[in-house]
Amino acid sequence: MPSDSATSTTPAGVAVSVDFAGLGRAFDPAKPVLADVDLRVEPGEIVAIIGASGCGKSTLLRIAGGLDTPTAGSVSIDGTPVATFDARTAVGFQEPRLLPWRSIADNVALGVPRGTPKASARAGVARLLDLVGLADAAEQRPREVSGGMAQRASLARALARRPGVLLLDEPFGALDALTRLKMQDLLLDIHAAEPTTVLLVTHDVDEALQLADRIVLLGRGDDGGAASILEIVTVPGRRPRDRGSAELAELRASLLAGLGIDRHGHARGIASTTTIPAFPY
Ligand SMILES: Nc1ncnc2c1ncn2[C@@H]1O[C@H](COP(=O)(O)OP(=O)(O)O)[C@@H](O)[C@H]1O
Ligand SMILES: [Mg+2]
């Protein structure tokens, strides 16, 4: 199968590895954002990246997709370095970013690589709409569907490229709690149906525990400098996992502690310094 990647001959539709080696990024040389990130993600693995807001999660993902360049080290996909925008990856964001004047089906079709024969493009779009449960909404416009449906269309568009790596930046962060749970199940269905490696940035520790093979905790060390990997946790148990398991509850508490949140949901360093005025306020 031909590939439209400028940097590799890896065929589409094959899950591939991602290697971060000594990766660093400084927008301002005096204040590096990321330093010394070393991580190998295996083909087909789901790795969740968690960390405080502003610690560099999106930056790391953008670099993996070739949307930004590191100032130190490198990232390779399937053994070849990522240079510019990389056709082996597809990126999904918190907002669906659909074209409002196009139908849901036509938005998904935007993800199909150029040069794909029309009949197989149409069949591919129909299959993906089916996979994400949007077959009946194919001819609707984005404004006519719910936020969850728009996000499913956005996932289908990303998959239309048959990416070896799916890069998702808080993809369910804007959805209500129930829709979010359904989307998590959908992502597992997609992962079972489409051979792809998944790098998932999320704010939600429970989401990471439910979906990931491993969870990477990104953050600044005690010196407060650039962020790096503080911890990598292998999540026990096969998916779908029991959301109520005691083992996961323990892991959840330890990851929240790593994020600076105690067992009662208080952010470290805030509760002790904030004075709540006595009633009446
Ligand atoms: N293009 C950019 N130019 C300058 N600073 C940036 C740019 N992109 C991100 N940053 C800075 O890098 C840091 C990490 O940002 P980001 O990767 O978006 O964090 P996160 O996704 O973890 O919230 C922030 O301090 C942000 O302001
Ligand atoms: Mg971000």
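Every number in this text was worked out from the coordinates using simple rules, so none of it is lab data. In this text, all values refer to a predicted model and were calculated from it rather than measured experimentally. For neighbour counting, all protein chains shown are included, and Cβ atoms are generated from backbone atoms with ideal geometry for every residue, glycine included.
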Handout entry: Net dipole in debye of the chain [+1 Lys, Arg Cβ; -1 Asp, Glu Cβ; about Cα centre; nearest 20]
Key = 700
Problem - Reach of Lys57 by Cα under 27 Å, taken over lysines that are not fewer than 8 positions away in the same chain - result: Lys31, Lys182
Problem - Net length gained if the chain between Glu95 and Arg243 were fully extended (0.36 nm per residue, minus Cα distance) - result: 50.6 nm
Problem - With Cα atoms, 0 to 90° folded angle of helix 177-193 axis to the chain main axis - result: 50
Practice task
Decide, for segment 5-147, between rounded, prolate and oblate: order the square roots of the alpha carbon gyration tensor eigenvalues as a ≥ b ≥ c, take rounded if a/c falls under 1.5, and otherwise choose prolate if a/b is larger than b/c, else oblate.
Solution key: prolate
Practice task
Give me the angle, in degrees from 0 to 90, between the Cα long axis of helix 118-131 and the longest principal axis of the Cα atoms of the chain, rounded to the nearest 10.
Solution key: 40
Completion exercise
Of the candidates Val16, Pro142, Pro240, the farthest towards the positive dipole end of the chain (Lys/Arg Cβ +1, Asp/Glu Cβ -1, centred on the Cα centre) is Pro142
Completion exercise
Percent relative contact order for segment 98-162, counting Cα pairs under 8 Å at least six residues apart, stands at 53
Practice task
Under 1.5 on a/c is rounded, so check that first for segment 98-162, then, if it is not, pick prolate when a/b is larger than b/c and oblate when it is not; a ≥ b ≥ c are the square roots of the alpha carbon gyration tensor eigenvalues.
Solution key: prolate
Problem - Relative contact order computed over the chain (Cα-Cα under 8 Å; 6+ residues apart), in percent - result: 24
Practice task
Estimate the FRET efficiency between Ala83 and Ile232 by the formula 1/(1 + (r/R0)^6), using the beta-carbon distance for r and 22 Å for R0, to the nearest 0.05.
Solution key: 0.25
Problem - For peptides 146-155, 189-198, sequence by mean Cβ density within 10 Å, most packed first - result: 146-155, 189-198
Completion exercise
Measuring from the longest principal axis of the C-alpha atoms of the chain, the long axis of helix 246-258 (C-alpha) lies at a number of degrees, nearest 10, equal to 70
